[in-house]
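Just so it is clear, none of the values below were taken in a lab; they were calculated from the coordinates. Just so it is clear, the structure is predicted and the values come from calculations on it, not from any experiment. Every residue, glycine as well, gets a Cβ built from its backbone with ideal geometry; the counts of neighbours run over all protein chains shown.
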Amino acid sequence: MARQHCAPYPNPQSACIAGVQAAAKGRAWRFDVSAYCVLAATGKKSRPTQCEHGAFGAEDEIVNSGPILSIGSAGPDVRRLQIIFVMTKVLDVSDIDSQFGPKTQDAVKSFQQGNNLTPDGVVGPLTWQALPADPNTPRLARGSTGPAVSALQKGLKAFDGPNTPTDPGQIDGNFGQRTESAVRAYQTRQSIAVDGVVGDQTWWAPAGAAGATVAKLAGLVTA
């Protein structure tokens, strides 16, 4: 149906013109045609955005995707979804259980209503596309290395400042004894199970005023 307006287009501006043409034939075509055009022009998935003169082009790349999720779904993609809603203060950290139940469904419906999506509680492609990117908050323990460890160390140091029990020392991306001690001190302060392992509870439990969390202090939130 839309191909006659779309391919080939050398740039997003041309795709935007296609959106105008589609809009002239019916408003309902506007999203599908403009998204198809940018895919044809750039080879990239994108989210349609309004062009300068009101037509829809698409220069914002999609930042998230996943399988269709609904009541009864379970597993790592549900956990991803729940972490995003904890990050955006829609769910509590205690709601992260990898099970798509009524509370997760209500969070999805609320998000959909706020983003002009059909509030059916089902996470399909359009809902995934509207969600922010996943925060990089993996499970960390003694021996872990890399940027996520550096971010954790930064967050722990910011929590109570240097030369305190939660100070991990040098920010070096290595989860060693001092970082583990700082994690244990933080967990004790926040009444989290003290095991020296950084999981969802440690990343996302409230860490002070203004909704702070270790993930936020670490600069890992994406929304």
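Per-structure values
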{"quantity": "Cβ-derived FRET efficiency at R0 22 Å, residue 68 paired with residue 98, nearest 0.05", "calculated": "0.85"}
{"quantity": "Area projected by the alpha carbon convex hull of the range 147-217, averaged over all directions, nm²", "calculated": "4.0"}
{"quantity": "Estimated vicinal HN-Hα couplings, Hz - the range 168-177 in sequence order (Karplus 6.51, -1.76, 1.60; Gly, Pro = x)", "calculated": "x, x, 5, 7, 10, x, 10, 8, x, 4"}
{"quantity": "Distance-filtered residues of the range 137-160 - backbone nitrogen under 16 Å, label point 7 angstrom along residue 79 Cα→Cβ", "calculated": "137-141"}
{"quantity": "Local electrostatic count, residue 182, Cβ distance below 14 Å [Lys/Arg +1, Asp/Glu -1]", "calculated": "+1"}
{"quantity": "Cα Rg, Dmax, the range 65-223, angstrom units", "calculated": "16.6, 51"}
{"quantity": "Per-residue ³J(HN,Hα) for the range 80-89, Karplus 6.51 cos²θ - 1.76 cosθ + 1.60, θ = phi - 60°, Hz, x for Gly and Pro", "calculated": "3, 4, 5, 4, 4, 6, 5, 4, 8, 6"}
{"quantity": "Gained length - residue 172 relative to residue 222, 0.36 nm times residue gap less alpha-carbon distance", "calculated": "15.7 nm"}
{"quantity": "Long pairs among 109/216; 89/154; 103/157, criterion Cα-Cα beyond 31 Å", "calculated": "103/157"}
{"quantity": "Linear extension gain, residue 210 paired with residue 188, 0.36 nm per residue minus alpha-carbon span", "calculated": "5.9 nm"}
{"quantity": "Phi-based couplings in Hz for the range 130-145 (Karplus 6.51, -1.76, 1.60; Gly and Pro marked x)", "calculated": "7, 6, x, 5, 5, x, 8, 10, x, 5, 10, 8, 3, x, 5, 9"}
